Amino acid sequence: MGAVVVSRADLRLLNTFGISEYAERLVTVENDIQLREALSLARQQDWPVTLLGGGSNMVLAGPVPGLTIAMRSRGRRVVERTADNVLIEGEAGENWHQLVGWSLDHGFHGLENLSLIPGTLGAAPVQNIGAYGVELCDVFDSLDALDRHTGEVCRLDRAACRFAYRDSLFKQQPGRFVILRVRLRLATRPQPRLGYAPLAAAWQALGLQRPDSRVISELVCRIRRSKLPDPAQLGNAGSFFKNPLVSVERATALLAAWPGMPHYPQDDGSIKLAAGWLIEQAGWKGHCRGSVGVHCEQALVLVNFGGARGAEVMALAGDIQQDVARRFGVTLEMEPQLIGG
Ligand SMILES: Cc1cc2nc3c(=O)[nH]c(=O)nc-3n(C[C@H](O)[C@H](O)[C@H](O)COP(=O)(O)OP(=O)(O)OC[C@H]3O[C@@H](n4cnc5c(N)ncnc54)[C@H](O)[C@@H]3O)c2cc1C
């Protein structure tokens, strides 16, 4: 096999939480052939397989058994152009934020609100990444994935991917698909999405007359840097919990007790609550426990002060979930994937 398999590889630098756990075996693949070789080796040896992108949406709960495959295929291209839009395609290992920059450099619009999200293009459909009023599914066209059940490469369109809030087919059927490349349809004219209040305020403060996707991207980066800890300085996996969706009845009861509670009606009739607000109200913001804690600026982000183990992170997360459930009757669901252990 072309790619080298490393035994007992420390994953500390390969996950943004900075958790030091080892992969029993780690292989880096740069193309479909190497990927197929790695999967076939794992099948022959009966090793479980774990896919690794940028490691920015996972908590390592212990050693990762079997074969961990780091997806590092690169390449991006325009595959189709019309007067109004363009179809771009990128390999799974492409860095997401670099792809956003490349699209803006080429005068393509649609990814600016998703600037500075860490990780790879191949992992973006897994949880249907979203930020500042835009989700991946808004610009998604299709992807190629290797179906490990059949060994065939299949093309999946938006409906087939079953995108929902931080959810998709790939979370619903974990381990089945390896995403190889993703196609996005972007506009050739600016289509600013300024529904998110702090972004709208920052845009208005500039007093610009014409929509400018590059400027919107810079504003998004500025807001994100002011709110979220940089994983290079303080290990974290971004939002640790999804914003919970509750019934109108539940939201009404909560609003009677906490009239200032942020709440967002959804198209399906449910109400989205802000997990960060619930955690902050419960008094967890800034909480420290050994090497782990809740970020002092953003209650939705759990952080590693140095040397944290996955078990410590999960114990803290469990206590927060229990406390929020007790106080508000609301279940918080973890957003990152639990890997290993
Ligand atoms: C500071 C910070 C801010 C963040 N902000 C946001 C945000 O605003 N919005 C948001 O949605 N997310 C956010 N995230 C979470 C994260 O960046 C995204 O979920 C990102 O898409 C994860 O990409 P990754 O390559 O790091 O995936 P990884 O963490 O490596 O993997 C995540 C999951 O996808 C699987 N996977 C990886 N590659 C593939 C592949 N090619 N095929 C199939 N499965 C694969 C893995 O096995 C794992 O289950 C943030 C994270 C951090 C650390």
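The values are calculated or read from the model by the stated rules, or taken from the named source; none is laboratory data. These figures come from a predicted structure and were not determined experimentally. Here Cβ is always computed from backbone atoms with ideal geometry, including for glycine, and neighbour counts include all displayed protein chains.
Table for the structure above
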| read-out | value |
| --- | --- |
| Qualifying residue in the stretch 292-300 (condition: in contact with a Gly (Cβ under 6 Å, 6 or more places away or on another chain), outside the structural domain of residue 199 (by TED's automatic domain parsing) and touching a residue at least 40 places away in the same chain (Cβ under 8 Å)) | yes |
| Scan of the stretch 212-232 for residues that are at pLDDT 95 or above and among the polar types (S, T, N, Q), ordered by number | 213, 217 |
| Helices (runs of 4 or more DSSP H) completely within the stretch 154-234 that count 1 or more residues being aromatic (Phe, Trp, Tyr) and under 17 Å from residue 114 (Cβ atoms) | 197-206 |
| Qualifying position, being among the charged types (D, E, K, R), closer than 30 Å to residue 183 by Cα and touching a strand residue (DSSP E or B) at 6+ places or on another chain (Cβ under 7 Å), among 25, 8, 43, 76 | 76 |
| Answer from 162, 189 - the residue that is touching a residue at least 12 places away in the same chain (Cβ under 8 Å) and either under 19 Å from the mean Cα position of the chain (by Cα) or over 26 Å from residue 334 (Cα atoms) (or both) | 189 |
| Filter result for residue 211 (under 30 Å from residue 314 (Cα atoms) and not aliphatic (A, V, I, L, M)) | no |
| So residue 252, is it of a type outside the set (Asp, Glu), in contact with a Pro (Cβ under 7 Å, 6 or more places away or on another chain) and not assigned by TED's automatic domain parsing to the domain that holds residue 128 | no |
| Count of residues meeting criterion [assigned to a helix (DSSP H, G or I), away from the ligand (no atom under 15 Å from the Cβ) and crowded, with 19+ Cβ neighbours inside 10 Å] in the stretch 15-41 | 0 |
| Qualifying residue in the stretch 190-201 (condition: out of contact with any helix residue (DSSP H, G or I) (no Cβ under 7 Å at 6 or more places or on another chain) and within 14 Å of the ligand (Cβ to nearest atom)) | yes |
| Entirely in the stretch 241-341, the helices (runs of 4 or more DSSP H) that have 2 or more residues that are surrounded by fewer than 17 Cβ atoms within 10 Å (Cβ to Cβ) and within 16 Å of the ligand (Cβ to nearest atom) | none |
